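Inspection log for the structure reproduced underneath, given as structure tokens.
Just so it is clear, none of the values below were taken in a lab; they were calculated from the coordinates. Every value quoted in this text rests on a predicted model; they were computed, and no experiment measured them. All Cβ positions, glycine included, derive from the backbone under ideal geometry; neighbour counts span all protein chains shown.
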Amino acid sequence: MIAIPWSSEVDVVIAGAGGAGLEAAIEAALAGASVLVFEKQARLLESSTAISVGRISFACTEIQKQNGIEDSNDLMIRDIMETGHYKNDPELVQAYAANQLDTFRQLTNLGVRWSPTVSALAGMSVPRGHLTDPIDLIRILKRAVDVQKVPVLFQTPVTELITDQNGSVIGVSVLERSGLTSRVRARNGVVLASGGFARDAQRLTIIDARFSKVVATSGAGHHGDGLRMALGLGASTRDIEFVQPSFELHANGVTSDDILILYYQGGIIVNTLGKRFVNESISYKDIARVCLDQPRMMGFQIFDQTVFEKAVVAQQAAGQGSPMTLDAVKIRMLLSATTLSELEDKADIPSGALQQSIDRYNHFVTSGIDVDFGRQSLAGKYGSPQRIEKPPFYAFATIGHLLATYGGIAVDKEMQVLRNGSPIPGLYAAGEAIGGFHGASYHSGTAIGKALVFGRLAGGNAALHKH
Ligand SMILES: Cc1cc2nc3c(=O)[nH]c(=O)nc-3n(C[C@H](O)[C@H](O)[C@H](O)COP(=O)(O)OP(=O)(O)OC[C@H]3O[C@@H](n4cnc5c(N)ncnc54)[C@H](O)[C@@H]3O)c2cc1C
């Protein structure tokens, strides 16, 4: 047999330097492993984690307690499972709940700073969206990786997984900046932390042809490389059929600066004909799915001055930007008018249609029963709907965007990649590369959450499991 020419050898190889990959590197190094991280992009700040809004779901934190919010792991598990329509893998949801508070504390100890308030968003029974500056977060994680003396090689994508005669993963091929391919041996394991596939147009079109018209806003490297490599070894997948855009991006927008979610603060959503088409308290992923069937695949968030003022107060309390708030960028994108008929005119909604929808909605709020869509709360199970009646009135033209793909490689609770129900020895995955955690829909703040929490698990386990 010809020996494979390895160009270098470490215990753990990690593909991707986003939230999951950096957390995996820290944990693997702390467990005593030698680690090498490969990153496809040229810069640290091109990952989804870095360009995200930075809102993360944690339960039972000191910040929740300071805000008088009572939460529990059990409540969080129930919320995530319910939001995912019970299609989630309960073992992954339990693993998240069991490790999330420790991850929150690890991040805080590393120097991550949090907004003093927490927000209630999709799927939550109580506010548990903890906001941080995602660029600070990723820089702090990279600093911790540097402290462990783990090299991160940029512009060096992992292109292939290398297996031995038993099918165990024993290394990777990488494309070096020089254009040469080299082979790196991973004595203990390889962690795929390479994000999702929001920029893999071919795979998305197979799932739903309409996705070719949906804007992708994820990290630039999200071409589904990890998924492709794992599938090449026969790995199973979970939840890919549930990929959906998220309803929150301004119709002309491209980045997270253009995101607004004020229907969770009391706004409603109408289509371009001025008609409501959905229960606004459900997950923005479910709202986006319904919106794909609306004219121009677009809707308007409609709200009044009461909601506007609430959002400004939330912004001041949070101390930084958030989808719940109205900063200068978002205010510039708003249509506003002192009467609903003027707003109809500005938004090009048929005359009288918006007035009719709001009259009907206000009647539902007063009577306590939304006979059209069954809205009973503001977000998830939290808050009470309120009448829309105080001028001026506002409209924010909104579309769905693919910011994350949520489904992907099947893993067990140790983050080992599964093939027909059994782990592929030596192969781990974490973050957006995996499926099974979210189920059919999405509980806010758990995409970054699962990257960080499961990244740590994957790195720690890969370090310990020698072949
Ligand atoms: C605009 C926006 C806002 C968002 N807001 C939120 C939010 O507020 N809360 C929330 O929970 N989620 C949010 N998300 C989703 C969330 O940010 C991601 O799902 C999560 O951060 C993914 O983490 P990750 O580590 O898996 O991927 P990333 O952080 O993207 O890291 C993956 C890295 O792998 C690299 N890579 C890819 N292929 C290879 C390869 N072959 N070899 C080496 N490297 C490779 C990529 O370049 C990338 O740097 C948002 C996403 C976007 C785009």
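Think of the chain as having a plus end and a minus end, set by charges on the Cβ of Lys, Arg, Asp and Glu; of Tyr442, Ala144, Ser115, Ala144 sits farthest toward the positive end of this dipole.
Each Lys and Arg adds +1 at its Cβ and each Asp and Glu adds -1 at its Cβ; summed about the Cα centre, region 246-402 shows a dipole of about 260 debye.
Take the Cα of Asp257, go 7 Å toward its beta carbon, and the backbone nitrogen atoms of region 285-324 under 20 Å from that spot belong to 312, 315-316, 319-324. The charge dipole of the chain, taken about the Cα centre with unit charges on the Cβ atoms of Lys, Arg (+1) and Asp, Glu (-1), comes to about 540 debye, rounded to the nearest 20. Comparing Cα centroids, region 272-287 and region 84-124 end up 26 angstrom apart. Listed by chain and number, the lysines placed with their C-alpha closer than 20 angstrom to that of Lys142 are Lys40, Lys450; residues fewer than eight positions away on the same chain are left out. Database remark: amide H of Glu9 closer than 5 angstrom to the amide H of Arg185 (H placed geometrically; neighbours at sequence offset of 5 or more, or on other chains; Pro and chain starts carry no H).
In terms of surrounding Cβ atoms within a 10 Å radius of their Cβ, Phe437, Phe308 rank from fewest to most as Phe308, Phe437.
Dipole of region 246-402 computed with +1 at Lys/Arg Cβ and -1 at Asp/Glu Cβ about the Cα centre; of Val254, Ala328, Phe364, farthest Cα towards the positive end is Phe364. 3J(HN,Hα) along region 373-387: 10, x, 5, 10, 9, 8, 9, x, 10, 9, x, 10, x, 10, 5 Hz, from the Karplus curve 6.51 cos²θ - 1.76 cosθ + 1.60 with θ = phi - 60°, whole Hz, x for Gly and Pro. When a/c is below 1.5 the answer is rounded, else prolate if a/b is larger than b/c, else oblate, so apply that to region 84-160 with a ≥ b ≥ c taken from the square roots of the Cα gyration tensor eigenvalues. Because a/c hits 1.5 or more and a/b fails to exceed b/c, region 84-160 counts as oblate. Near the amide H of Asn188, within less than 5 Å, lie the amide hydrogens of Val12, all on another chain or at least 5 residues away, with H placed in the peptide plane. When you filter the chymotrypsin sites (Phe, Trp or Tyr not before Pro) in region 1-62 for DSSP loop state and at most 11 other Cβ atoms inside 10 Å of their Cβ, nothing is left. Just how far, in whole angstrom, is region 393-449 from region 35-60 if you go by their alpha carbon centroids? First find each Cα centre; the distance between them is then 14 Å. Of Thr108, Thr117, the sequence from fewest to most neighbouring Cβ atoms within 10 angstrom is Thr108, Thr117. Counting only trypsin sites (Lys or Arg not before Pro) that DSSP places in a loop and that have at most 11 other Cβ atoms within 10 Å, the longest clean stretch of the chain runs over 178-465. Stretching the chain fully between Arg139 and Leu30 yields a gain of 37.4 nm (0.36 nm per residue, less the alpha carbon separation). From helices alone, the chain scores -10000 deg cm²/dmol at 222 nm; the rule is -39500 (n - 2.57) for each run of n ≥ 4 DSSP H residues, then divide by the residue total.
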